[in-house]
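The values are calculated or read from the model by the stated rules, or taken from the named source; none is laboratory data. What you see is a predicted model; the values in this text were computed from it and never measured. For neighbour counting, all protein chains shown are included, and Cβ atoms are generated from backbone atoms with ideal geometry for every residue, glycine included.
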Amino acid sequence: MKIWKNVEVKDLFEAVEDCKKRGESLKLAFVSHAKKYSRKPNSVRNYYYKEVENLKIDKKRCDFLGISLENHEKTHFAHFSESQEKKLLEDIDKLVADGDSVRTACQKLSGGDLTEMTRFQNKYQNMKKKDKKNNIIVFKQRQKLLTESDINSLFMGLVKLIKKTAIDEFMEKTKLEKQSSAYLLKKAFVDLGRKDKEISALRQEFEDLKKENENLKTRLESLSLDKTKMLKSHLEKRKYEKSTENLK
C-alpha cells in the first residue's frame, strides 16, 4: 500500500478546491490526482473523504497542512420531486436544442450560482443515464413464429443500440480525459512558475556568491601584495645591517 506523503495530501485538497471553484465535478480532481500519482481514482476518492473526517478531529495536523476545512464541507442538496425532475429535463433539453451546451444551460437556469449549476448538471446527467438503461427493446408476444426477416430486423436493432451506447460512453470518457488533461496542464504551468521563482532566487544567490568571491579574491591579492612588500623590506633591512657589520 502506497503511503500518502504530506505534499501529496496538500496537492489533492488543492485540486478539490480548484474543481469546486470552477463548479466542476470532484471526480475530475480524483481522476487527475490518480494519474499524477499512479493511484486508482476510487482509492483517491475514499482517502479524501476519510482524511476530511480525520482532519476534523486533528486540528494540529490540519493547521500544519494549511488546509481550510470550510472548503471541504459536503454539500447537502434537497431532493428533486418528480415534477421538478421533469421540468428540469425539459428546460435543459430546450436550451440544448437552441444551441447551448448542457453546462451553459445549467448555468443559465441556476442564475450563475456555481453550486446550483453543478446540482442541475449532475441531476440532468443522472436522468439521461437512467433513460439509457431503461431504453430496452421489448419483445411483444406473437401468435406466430418470427420470420427470418423479423429476426434480422431485431438483431440489427440490438446492434444499433449497442453501438450507440458504446459511442456515448466513449464520448463521455473522452470529454473527462480532455478536462483532466487541461487541469494537469494548468497544474504543470503553476509548478513551472514556482520552479522559475526558485531558479530566479538561486540565480540571485549565485550572483551574490560571485560578488563575495570577487571581494575575497581582491582582499587576498591585497594581503599577498602587502606581505610581499613587508618581506622585501625586511630582506633589504637585513642586507643593510649585514653590510654595516662588515664595514665595522
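Numbers below:
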{"item": "Residues that are loosely packed, with under 12 Cβ neighbours inside 10 Å, under 17 Å from residue 131 (Cβ atoms) and modelled with pLDDT of 75 or more, drawn from segment 156-169", "result": "160, 162, 167"}
{"item": "Criterion: charged (D, E, K, R) and modelled with pLDDT under 70 - qualifying residue of 148, 116, 172", "result": "148"}
{"item": "Condition check for residue 67: closer than 30 Å to residue 4 by Cβ and within 20 Å of the chain's Cα centre (by Cα)", "result": "yes"}
{"item": "Qualifying residue in segment 69-76 (condition: closer than 22 Å to residue 29 by Cα, surrounded by 16 or more Cβ atoms within 10 Å (Cβ to Cβ) and modelled with pLDDT of 85 or more)", "result": "yes"}
